[in-house]
Amino acid sequence: MSRGWWRLRAACGLAGPVAFTAAWTTSTVRQVGYSIAEEHLSGLAAPDARDPEIMVAGFVALGACTIAFGSALEDALGGRGRAGAAPLLVRIAGTATVAAGLLRRDRMLLHPPDAVGGPSWHNHGHDLASLAIYATLIAAPLVLAGRLRDHPGLAGLRPAAIATSAASTALLCLFWSRAVEPWNGIVQRVAVTVPLAAMAVLAAELLRQRREERPDREDRRAVRS
């Protein structure tokens, strides 16, 4: 497998968070009657949102990039037999993110004043996909931290992985408790941004180390010749 293909997949760990953050930021600015403090990100992809395709594209782009990055992470950790479960959890998160974007919520607002009837099947599907995402936000960094203990090049990121899992757990518990309403929308955005930033940092470190490995290999070849 070519180095270029691996680098492209690793770079998806940077591109995905940027695309998703740009999508929800742009979509938020374009909404009328939408409170960033009170409403959830998912509402921006609902049919009654303004330009919902922006947020749908953000979900799909993040999901696809996360799946690709999980594949690159698996290779960087020694392949399927040695990488552990973290890359699989990352790919599950990516798949669930794509599903959350395609299975849209019914309405932009959590409690629309003119709501009639119960949620649709795709609204329920979105909620289930979101639960899978939240579960992997907590589990993936923690499982990865265990694998990084034995990796000489990435062991320094182990405390950050543990901190990411702990922060995600605390923020999601705060989000689900609704203890700070009407600011739950802000809590959700922070809870999503923390693991996305961690993924971007890990992707940048993997790419940096791969760039440094190439000159070292070339130097060794020159010495042997």
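Points worth noting:
- Helices in the chain, meaning DSSP H runs of at least 4 residues, each add -39500 (n - 2.57). Divided by all residues, the mean residue ellipticity at 222 nm is -25000 deg cm²/dmol.
- Heavy-atom accessible surface of region 1-76, averaged per residue, reaches 41 Å², computed with a 1.4 Å probe.
- Computed lengthening from Leu110 to Ala155, 0.36 nm per intervening residue step minus Cα-Cα distance: 12.0 nm
- The angle between the Cα long axis of helix 52-76 and the main principal axis of the chain comes to about 30°, on a 0 to 90 degree scale.
- Net charge in the neighbourhood of Gly185 (other residues with Cβ under 10 Å of its Cβ; Lys, Arg +1, Asp, Glu -1) is -2.
- Across Ala11, Ala161, Ala37, mean-square fluctuation computed from a Gaussian network of the chain (C-alpha pairs under 10 Å connected) peaks at Ala37.
- In the chain, the C-alpha radius of gyration followed by the widest Cα-Cα span (Dmax) gives 19.4, 77 angstrom.
- The label point for Ala197 and the one for Ala179, both projected 7 Å from the Cα toward the Cβ, are 2.1 nm apart.
- Summary of the geometry: region 73-136 and region 29-45, compared by the centres of their Cα atoms, lie 19 Å apart.
- Two-site FRET efficiency, Ser120 against Ala85, from Cβ-Cβ distance with R₀ of 35 Å, rounded to 0.05: 0.55
The values are calculated or read from the model by the stated rules, or taken from the named source; none is laboratory data. Treat the numbers as computed from the prediction; the structure is a model and nothing was measured. Positions of Cβ are backbone-derived with ideal geometry, glycine not excepted, and every protein chain shown enters the neighbour counts. Accessible surface areas use protein heavy atoms only, side chains included; no ligands, DNA or RNA. Shrake-Rupley method; radii C 1.70, N 1.55, O 1.52, S 1.80 Å.
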